[in-house]
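**Student:** Would you mind keeping the following structure in view while I ask a few things?
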Amino acid sequence: MEQTPMEQTPLIEFKDIHKIYTIGDTELHVVDGVSFKIYKGEFVAIVGQSGSGKSTCMNIIGCLDKPSTGAYYLSGEDVSDMNDDALAEVRNKMIGFVFQQYNLLPKLTVKENVEVSMQYAGVSKKERTERSLKVLERVGLSTKLKSHPNQLSGGQQQRVSIARALAGDPSVILADEPTGALDSKTGIRVLELLQELHREGNTIVLITHDNAIAKKAERMIRLEDGKVVFDDAAEHYVHEERDDEGEEEDDE
Amino acid sequence: MKLTETFQLALKNILSSKVRALLTMLGIIIGVGAVIIIVGLGNGLKNYMTESFESMGTNLLTVNLMGRGNSSSRTVSIDDMYQLVYDNPEYLAAVSPTVSVSGTVKVGTETLSSTTVSGVGEDYDDMNRNGIASGRFIQFIDIDKYKKVCVVGSYISNEYFSGNAVGETLKINGTKYTIVGVLDEVASSEEGDSDDVIYLPYSVAQKISYTGRVSSYTFEVASDDVVSDAKTLIEDKLYSVYGSENYYRVTSMSEILDTMTSMVNIVVLVLSAIAAISLVVGGIGIMNIMLVSVSERTKEIGIRKSLGAKQRNILTQFVIEAATTSAMGGLLGIAFGFIVSEVATRVIASMTEYDITVAPSIDSVLLAFGISASIGVLFGYLPAKKAAKLNPIDALRYE
């Protein structure tokens, strides 16, 4: 982490990204001119309340959505104008998703779930097995290979989904409220796992509404009404004493 | 993603809801089964007809003389017909007059009610490729001398003379005839079939028949290649006598066989087309279920897309699933068709006297399977396209 980031190509670069939805006659600027750079090896939390535009930012980072205007460079490549299939390939090669609701395929076993993205990448069966065993061992689930998701606890399912994200050897792990569906104890363990993965050199972007969780990251980008209001090391963030308890739960 | 993996995935999905899969396939199963049974039945019918015609000889021409009414003396004589054969050995090999006799046949005091009695020439037996089991067939001397002899079929010999009919006698219209020969079995030696026959010298038959006229002739053609030439030859001869085509008819067995075969073909084709409608209905059923399946699995599609599935991957997955469902239906339909064919063969054999084997052809099996698989692709494409086009964000959010 000691390298000077300025000399590197940013892994993720947002240049004046706007996302505008037109509802009737009104234009809704969900993301309103967001710019930031995220470098390889960083652990960034994008935090904001419901309606702050963080979910849309996450969708754009994850190549699930395209910005209305502005440019998004992923590893130096402009992906804001790619077609669906090209984006699918980018997701496959570069992004590892960890969802709030785990999003495992219920009919597949743990091992098969971990291998799905590698199947689409055309990885041979032998290599798939090697890699899935490796990542499942990494998250401590090597005994559950043949289990189905519904036989696992929430924490275990989330660890499977982390293993699935790791399996494709992505450039960035994109975790969308990864603790949202877990009790606080299990949530902390999942966050610890993400911190460990970060220490092992993975780039992690964590999307959350919860400042306490965001503080586990190195750096925090705070969004309000589609704009960046804070972007600095997480410990520098001075908690505005707002009543977080009354904050609306934001699933998306 | 490799095709084999996609196929395994499809199988897994189909087998995970067996009842639904079976119901989805039902239309295809019935359609394929019906096509196979109908084609099989048609084949059985054609085989049966061909066999029975071949046993009669496909190189035979039958001439029926309607005559210009009983008052007219304008007619061909038996000698004219023999002369025709004698003059044209390259086309005609033999001829036999056939005189139908209606009368009461009695063996001792028993009456044979269903026996066919005909007067024929000495070559009739060879022409029909029948053999003699014992004794001899009617000879020229019998015809020439009006001998009261007869040859009987195996049924009469077995039933009334315990197989030793030669030398015994029977009565036709009260006149006693000596049995000089017994024919080989050609059918199944049952009452009323081709083994329940009596042949007399045609000269004798002419005397006891009602009109005394020869109403038909059977010609043997020199070879199968000249059937139509021989037919023309006979027609020309008859036309020169009668001066109109309305008083005679020349039919060849092979022509009749062809006509009947093509009729059976048409019937099979029409019935198959009707059965094929069920394939289309089955296809629509598959499309319906695939559309439901796409809705149900929207979340799965979203997850797969987020993990890097391209539109093509999703399209292939659903098309292959539909095609696999349909092809499995096709295989079950083939099995169903074969089982019913087997049962039908036995039922026909036990319920009727006809020995028709319902024989599904390999062609129809391949065709039915091909059609059912392509129906899956065809009707699976629309739902698959719908799935492939789903927006990943919306699909992921779908509950």
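Values in this text are rule-based calculations from the coordinates and carry no lab data. Quantities reported herein were computed from a predicted structural model and do not represent experimental measurements. All Cβ positions, even for glycine, are placed from backbone atoms using ideal geometry, and neighbour counts span all protein chains on display.
**Student:** Just rank B:Lys176, A:Lys144, fewest to most, by other beta-carbon atoms within 10 angstrom.
**Tutor:** Ordered by Cβ neighbours within 10 Å, fewest first: B:Lys176, A:Lys144.
**Student:** Post the alpha-carbon centroid distance, the range B:235-277 to the range A:66-108, in whole angstrom.
**Tutor:** Using only Cα atoms to place each centre, the spacing works out to 72 Å.
**Student:** How big, on average over all directions, is the shadow cast by the Cα convex hull of chain A, in nm²?
**Tutor:** Reported value for the Cα convex hull: 14.6 nm².
**Student:** Quick check: the distance between the Cα centres of the range B:176-208 and the range B:92-109, to the nearest angstrom?
**Tutor:** If you average the Cα positions of each part, the centres end up 7 Å apart.
**Student:** How much length is gained on full extension from B:Arg397 to B:Thr116, taking 0.36 nm per residue of separation minus their Cα-Cα distance?
**Tutor:** 92.6 nm
**Student:** I would also like to ask the following. Counting every Cα pair in the range B:60-222, what percent are over 27 Å apart?
**Tutor:** Taking all Cα-Cα pairs of the range B:60-222, the fraction more than 27 Å apart is 23 percent.
**Student:** Using alpha carbons only, what's the Rg to Rh ratio of the protein assembly as shown with Rh from Kirkwood?
**Tutor:** 1.37
**Student:** Taking the Cα-to-Cβ direction at B:Val241 and at B:Val343 and moving 7 Å from each Cα, how far apart do the two end points lie in nm?
**Tutor:** Between B:Val241 and B:Val343, the simple spin-label model gives 5.6 nm.
**Student:** Where does the charge balance sit around B:Thr116 when Lys and Arg score +1, Asp and Glu -1, over other residues with C-beta under 12 Å from its C-beta?
**Tutor:** -4
**Student:** What is the angle, in °, between the Cα long axis of helix A:184-199 and the longest principal axis of the Cα atoms in chain A? Nearest 10 is fine, range 0 to 90.
**Tutor:** Compared with the principal axis, the helix lies near 90 degrees.
**Student:** Still on this structure: At q = 0.11, 0.15, 0.19, 0.20 Å⁻¹, work out log10 I(q)/I(0) for the range A:30-159 with the Debye formula, treating every Cα as an identical point scatterer and leaving solvent out; two decimals please.
**Tutor:** Per q value, in the given order, log10 I(q)/I(0) is -0.50, -0.88, -1.18, -1.23.
**Student:** While we're here: Quick test of the membrane-span-like rule: which DSSP H helices of chain B reach at least 24 Å along their long axis (C-alpha atoms) with mean Kyte hydropathy at least 0.0?
**Tutor:** Sorted by number, the helices that extend far enough and score high enough are B:18-56, B:253-296, B:311-351, B:362-389.
**Student:** Hey, what angle do you get for helix A:84-94 against the long axis of chain A, alpha-carbon based, 0 to 90 degrees rounded to 10?
**Tutor:** The angle comes out at about 70 degrees.
**Student:** Exposure proxy check: B:Met81, B:Met49, B:Met66 ranked by fewest other beta carbons within 10 Å?
**Tutor:** Listing B:Met81, B:Met49, B:Met66 from fewest to most nearby Cβ atoms yields B:Met66, B:Met49, B:Met81.
**Student:** Next up: Quick check: the angle from helix A:125-138's long axis to the longest principal axis of chain A, C-alpha only, nearest 10 degrees?
**Tutor:** Rounded to the nearest ten degrees, it is 70.
**Student:** Could you give the distance between the Cα centres of the range B:346-396 and the range A:175-214, to the whole Å?
**Tutor:** About 51 Å separates the Cα centre of the range B:346-396 from the one of the range A:175-214.
**Student:** Would you mind ranking B:Arg397, A:Arg159 so that the residue whose beta carbon has the fewest other beta carbons within 10 Å leads the list?
**Tutor:** If I rank by nearby Cβ atoms, fewest first, I get B:Arg397, A:Arg159.
**Student:** Enumerate the whole-percent occupancy of each 10 Å bin, from 0 to the last occupied one, for all C-alpha pair distances of chain B.
**Tutor:** Final binned percentages: 5, 17, 18, 15, 12, 10, 9, 8, 5, 2, 0.
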